[in-house]
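Following: one structure in structure tokens, then a few remarks.
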Amino acid sequence: MNAYGKYVTKKLLWYLLTLVIAIGLNFMLPRMIEGNPVSIIVSKMTQGMTDSDTIKRVYETFIQEFGIDQPLYMQFLIYVKNLFTGNLGTSFGLYPKQVTDILASAVPWTIALQLPAILVGWLLGNILGAVAAYKKGVFDKVIFPVALFINSIPFFTLAIIMLYVFALTLHWFPLSGGYDFQMVPQLSLDFIWSVIRHHMLPFFSIVLVTIGGQAIGMREMSIYELNSDYVLYSKLLGIRDSRIAGYVFRNAMLPQITGLALSIGTMVGGSLICEIVFSYPGIGTWLFTAIRQLDYPLISGCTLLIAMSVLLANFTIDLVYGLIDPRIKASQMEDQ
């Protein structure tokens, strides 16, 4: 096995170990929340009932249905067994709906909201940061303080402010949801326009915060590179400034690309509060609903999806770095 193969194998083993730990925590942590989820379900279903025996039978039926009557280790073994078959269980709060069906309907909304927002914010932020570092002067004096101010605002605070100003006060955008509640999802211009209108406000709230963070990071990296020895040496050699700027920004982009990959990996779980504020039908809203209802399977399904996306993003970055790391290349040359 060559150096790169050893590197990948070592990384893969560590990520598999991390995944096993994540699965264990995924099962245990929701069950450490105080309260009885079955009691919540039964209380809703038996409203108006006065027969205590009937209520007790309903309670026992759901306890057996969800397997909560079994020892915790047996519940965990069943949980792991079901994972291998792609079965995340039945939702407590939306019984008898399957968790996989809920997540399948929520993931496209989260990706459609956060992937464009992350890419647009990343691109604009890096451009503004690079301009601020290279041009300096008024660009740096304006862009840096504004970016620093925006970056210090939490997602949910900016989302609430934008919701109050643009939706509640000015009525430019809808207040909540992914589309008008009276509409039926279909491929029609009215429905598509409704989705776009509901999409814009949460989209811009994520973009603005992302721009701020990326602009600050790119500015600092660009300033560091501009003061490097190779830049001074290149200037002494008479190399054009535009060519030197290309080298500088290419090197400054490397950590920013890493940040982009991590942002995309954490996209499933990122900006969850933003989705909750706007009642957007993504993973964040469903996770919040599941926590309120003590819906163990749905909580575990959401958090497992988030954990796997983060691990996959990090593993992909490690694979790419393994290809360009000069130390691994040197080891391969020695093996040959």
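One table, with the values for the structure above:
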quantity: Unique match (being farther than 27 Å from Val146 by Cα and modelled with pLDDT of 75 or more) among Leu226, Leu323, Leu236; calculated: Leu236
quantity: Region 267-283 residues that are over 17 Å from Thr157 (Cβ atoms) and crowded, with 23+ Cβ neighbours inside 10 Å, paired with ones that are acidic (Asp, Glu) and modelled with pLDDT of 60 or more (beta carbon under 6 Å, 6 or more apart); calculated: Gly282/Glu275
quantity: Condition met for Ile118 (more than 18 Å from the chain's Cα centre (by Cα) and either within 30 Å of Asn87 (Cβ to Cβ) or part of a helix (DSSP H, G or I) (or both)); calculated: no
quantity: Region 63-89 residues that are at positive phi, paired with ones that are among the polar types (S, T, N, Q) and open to solvent by less than 70 Å² (accessible area, probe 1.4 Å) (beta carbon under 8 Å, 6 or more apart); calculated: Gly67/Gln75; Gly86/Thr100; Gly89/Asn82; Gly89/Gln98; Gly89/Ser300
quantity: Residues located in region 230-259, provided they are open to solvent by 70 Å² or more (accessible area, probe 1.4 Å) and farther than 18 Å from Leu123 by Cβ; calculated: Tyr230, Leu232, Tyr233, Lys235, Leu236, Leu237, Arg240, Asp241, Ser242, Arg243, Tyr247
quantity: Considering residues of region 135-171 that are closer than 16 Å to Leu208 by Cβ and part of a loop (DSSP other than H, G, I, E, B) only, the residue nearest to the chain's Cα centre (by Cα); calculated: Pro154
quantity: Filter result for the condition that a residue is over 19 Å from Glu275 (Cα atoms) and touching a residue at least 12 places away in the same chain (Cβ under 8 Å), over Phe149, Phe156; calculated: Phe149
quantity: Residues within region 292-317 that are in contact with a Leu (Cβ under 9 Å, 6 or more places away or on another chain) and either modelled with pLDDT of 85 or more or in a helix (DSSP H, G or I) (or both), tallied; calculated: 18
quantity: Some residue of region 86-94 being among the aromatic types (Phe, Trp, Tyr) and within 28 Å of the chain's Cα centre (by Cα); calculated: yes
quantity: Residue that is most open to solvent (accessible area, probe 1.4 Å), among those in region 194-225 that are touching a residue at least 40 places away in the same chain (Cβ under 8 Å) and of a type in the set (Phe, Trp, Tyr); calculated: Phe204
quantity: Among the candidates Gln98, Gln64, residue that is over 28 Å from Ile244 (Cβ atoms) and touching a strand residue (DSSP E or B) at 6+ places or on another chain (Cβ under 7 Å); calculated: Gln98
quantity: Which listed residue is within 19 Å of Val277 (Cβ to Cβ) and touching a Lys or Arg at 6+ places or on another chain (Cβ under 7 Å), from Phe166, Phe144, Phe181, Phe173; calculated: Phe173
quantity: Flag for Ala117 being out of contact with any Phe, Trp or Tyr (no Cβ under 9 Å at 6 or more places or on another chain), open to solvent by less than 30 Å² (accessible area, probe 1.4 Å) and of a type in the set (Gly, Ala, Ser); calculated: no
quantity: Failed item, numbered, when Lys141 is tested on (1) in contact (Cβ under 8 Å) with a residue 12 or more places away in the chain; (2) open to solvent by 40 Å² or more (accessible area, probe 1.4 Å); (3) basic (Lys, Arg); calculated: (1)
quantity: Every pair of residues 6+ apart whose Cβ atoms lie under 9 Å, when the first sits in region 12-37 and is under 20 Å from Thr316 (Cβ atoms) while the second is in a helix (DSSP H, G or I) and open to solvent by 90 Å² or more (accessible area, probe 1.4 Å); calculated: Tyr15/Leu312; Leu19/Met308; Ala22/Met308
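Yes or no, residue by residue, for (1) under 17 Å from Tyr296 (Cβ atoms); (2) surrounded by 11 or more Cβ atoms within 10 Å (Cβ to Cβ); (3) at pLDDT below 85; (4) among the acidic types (Asp, Glu):
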site: Leu13; (1), (2), (3), (4): no, no, no, no
site: Leu17; (1), (2), (3), (4): no, no, no, no
site: Ala22; (1), (2), (3), (4): yes, yes, no, no
site: Leu29; (1), (2), (3), (4): yes, yes, yes, no
site: Ile33; (1), (2), (3), (4): yes, yes, yes, no
site: Ile40; (1), (2), (3), (4): yes, yes, yes, no
site: Thr50; (1), (2), (3), (4): no, no, yes, no
site: Thr54; (1), (2), (3), (4): no, yes, yes, no
site: Tyr59; (1), (2), (3), (4): yes, yes, yes, no
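The values are calculated or read from the model by the stated rules, or taken from the named source; none is laboratory data. From a predicted model like this one, the values you see are computed outputs, not experimental measurements. We place every Cβ from the backbone using ideal geometry, glycine too, and count neighbours over all the protein chains shown. All accessible areas refer to the heavy atoms of the entire protein, side chains included, with ligands and DNA or RNA removed. Shrake-Rupley method; radii C 1.70, N 1.55, O 1.52, S 1.80 Å.
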